[in-house]
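Taking it in order: structure first as structure tokens, then the write-up.
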Amino acid sequence: MKKHMCLVRCCCQFVPPNVSENLAKKGVEEARVSIQQSKQIRARRALRSVSFNAFNLEQAVGEANRKVYDCKNTWEQRLEPIARDEGSDHTDDKTVNIVYEYGGIVRDYFRNVLGRNSIDNRGMDLVLNVHFGVDFMNAFWDGDEMTFGDGDGEVFSNFANSLDVVAHELAHGVTQFTANLEYQSQSGALNEHFSDVFGTAISQYANGQTAGDADWLIGDEIMGPALYGEALRSMKAPGTAYNNELLGVDPQPAHMKDYYAGPEDNQGVHINSGIPNRAFYLAAMEMGTDKATLVWYEALQKLWPTANFNDAVTVIVELARQLTRDGKIPLGSAQIIRAAFRDVGLPSTP
Ligand SMILES: [Zn+2]
């Protein structure tokens, strides 16, 4: 008997809806078209959702091959012929080569550091579509593949050229195959949070940085000339990533006292993720990003679709205790993590 996918499946767009809508309101035509296209993609995927299942364990173990497709500026994914397959030579297309390389870094991080065999832990291939649409201003994971737009070159540059983006989106796949956190409200904010955790951990790992060296910014690499120096989120200081005419002001809270309780953004999935993001930053500064990420990764496998922030605190602290007992992280780690959550107002009392 196959388990059903949760109803609120993640179709994470890297650029949050509130940001895209601000851009469209400011007259950025490419943002308006991107929002329209994104809606169509979601509708199409909703129809296709029966064709794949996160818990299909009857499938044979795969080899986690990278498969890069060039959409050639059409709105079609997996456009044949394949642009670059696992082990094949460089192509003339820089974006194809970069996304191939970044997909490999993410896959190797999960395999070598966390002991996970690709997104589903069963060697699932990494399907990466580049040059999707015309000036498409987003990137997304939609259940079984990743897709990247070129951006307009002014507000956003090519989304495939950022390791943060590739890692964040592939991590949504890992969440889908583990806790499968529902993409709304607090469980959705946790879904976003885990993608930012792996996104930043993988960037730091690839760049040889420590928690103290890292900038803790998400999305800074995709900012075009019009937004140079801005980012989409800051895990260190949520709410400070951007402040400009085009995007508006970063709405992320850094503490439960500023929790967003409104309806936008699937009840704040990209907004309230600032709260656990800041807790992760504080913990990583004390215990190191690699050890903190290990705790979070183990916790992700114990969480469940409707888990809220308080549930996540309980499970993460419990996993820290277990990993301490197993000698995988130093004594005192659970206390560090508990203190980090307390600093952002968690666990919260109703
Ligand atoms: Zn996301």
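If ligands, DNA and RNA are left out, what is the accessible area of residue 205 with a 1.4 Å probe, given in Å² to the nearest 10?
Spelled out: residue 205, probe radius 1.4 Å, area about 120 Å².
So which lysines can residue 72 reach, going by Cα to Cα under 21 Å and dropping same-chain residues fewer than 8 places off?
List returned: 39, 94.
Along the positive direction of the dipole of the chain (beta-carbon charges: Lys, Arg +1; Asp, Glu -1; about the Cα centre), which of 43, 153, 100 reaches farthest?
Positive-most Cα among the choices belongs to 43.
Using DSSP loop states and a limit of at most 14 other Cβ atoms within 10 Å to flag trypsin sites (Lys or Arg not before Pro), what is the longest stretch of the chain containing no flagged site? Can you show the working numbers first?
On the way: sites that count: 2, 3, 26, 72, 78, 328.
Result for the longest clean stretch: 79-327.
Could you state the principal axis extents of the C-alpha atoms in the chain, from the largest down, to the nearest angstrom?
That gives 52, 50, 41 Å along the principal axes, largest extent first.
Provide the gained length on full extension for the span residue 44 to residue 326, in nm with one decimal, where the gain is 0.36 nm per separating residue minus the Cα-Cα distance.
Values: separation 282, 0.36 × 282 = 101.52 nm, distance 4.59 nm.
Extra length available between residue 44 and residue 326 comes to 96.9 nm.
Can you grab the distance from the C-alpha centre of the range 122-142 to the C-alpha centre of the range 281-350, Å, no decimals?
Each part reduced to its Cα centre gives a spacing of 31 Å.
Among the lysines, which have Cα under 25 Å from the Cα of residue 302 when same-chain residues fewer than 8 positions away are ignored?
Candidates past the 8-residue exclusion: 2, 3, 291, 328.
What does the accessible area per residue of the chain come to in Å², with a 1.4 Å probe and no ligands, DNA or RNA counted? Working shown, then result.
Details: 14640 Å² over 350 residues.
Per-residue accessible area for the chain comes out at 42 Å².
Using bins 5 angstrom wide from zero, how does P(r) for the range 205-350 break down, in % of all Cα pairs?
All Cα pairs considered, the percentages come to 2, 10, 17, 20, 20, 15, 9, 5, 2, 0, 0.
What's the carbon and sulfur percent of the chain's accessible surface, probe 1.4 angstrom, rounded to a whole number? The partial results should precede the final answer.
Values: 7200 of 14640 Å².
About 49 percent, which is the carbon plus sulfur part of the accessible surface.
Between 176, 13, 40, which gets the highest mean-square fluctuation from a Gaussian network model of the chain, Cα cutoff 10 Å?
40
What are the lysines whose alpha-carbon lies under 25 Å from the alpha-carbon of residue 257, with same-chain residues fewer than 8 places away excluded?
Straight-distance partners of residue 257: 236.
For residue 264 and residue 122 in one chain, what is 0.36 nm times their gap in residues minus the Cα-Cα distance, to one decimal in nm?
Answer, rounded to one decimal: 47.6 nm.
Using DSSP to define loop residues, name the GluC sites (Glu not before Pro) in the range 134-225 whose beta-carbon has at most 15 other beta-carbon atoms within 10 Å.
Values: sites: 145, 154, 169, 182, 192, 221; in loops: 145, 154, 182.
For GluC sites (Glu not before Pro) across the range 134-225 that sit outside H, G, I, E and B with at most 15 neighbouring Cβ atoms in 10 Å, the list reads 154.
For the range 244-350, which GluC sites (Glu not before Pro) are both in a DSSP coil and crowded by at most 11 other Cβ atoms within 10 Å? Write down the numbers at each step before the final one.
Details: sites: 245, 264, 286, 298, 318; in loops: 245.
Qualifying residues, ordered by number: 245.
Under a 5 Å amide H to amide H cut-off, with H placed in plane at 1.01 Å, what residues pair with residue 156 once short-range neighbours are removed?
When sequence neighbours closer than 5 places are left aside, the close amide H contacts are 224.
Given a 10 angstrom Cα cut-off, can you work out which residue in 65, 129, 180 is the most mobile in a GNM of the chain?
Of the options given, 65 has the highest mean-square fluctuation.
On full extension of the chain, what length is gained from residue 88 through residue 249, given 0.36 nm per residue of separation minus the C-alpha to C-alpha distance? Mind dumping the intermediate values first?
Working: separation 161, 0.36 × 161 = 57.96 nm, distance 4.38 nm.
Contour length minus the Cα-Cα distance gives 53.6 nm.
Which parts of the range 210-245 would a label at residue 25 reach, counting a residue when its backbone N lies under 15 Å from a point 7 Å out along Cα-to-Cβ?
Answer for this model: 243-245.
Rounded to the nearest 20 debye, what is the charge dipole size of the range 222-346 about its Cα centre when +1 sits on each Lys and Arg Cβ and -1 on each Asp and Glu Cβ? Could the numbers behind the result be given before it?
Values: 11 positive and 13 negative charges, 107 e Å.
Using only the charged Cβ atoms, the result is roughly 520 debye.
The values are calculated or read from the model by the stated rules, or taken from the named source; none is laboratory data. Predicted model only: the values in this text are computed from it and were never measured. All Cβ positions, glycine included, derive from the backbone under ideal geometry; neighbour counts span all protein chains shown. Ligands, DNA and RNA are stripped out before the accessible areas are found, and what is left, the full protein with its side chains, is counted by its heavy atoms. Shrake-Rupley method; radii C 1.70, N 1.55, O 1.52, S 1.80 Å.
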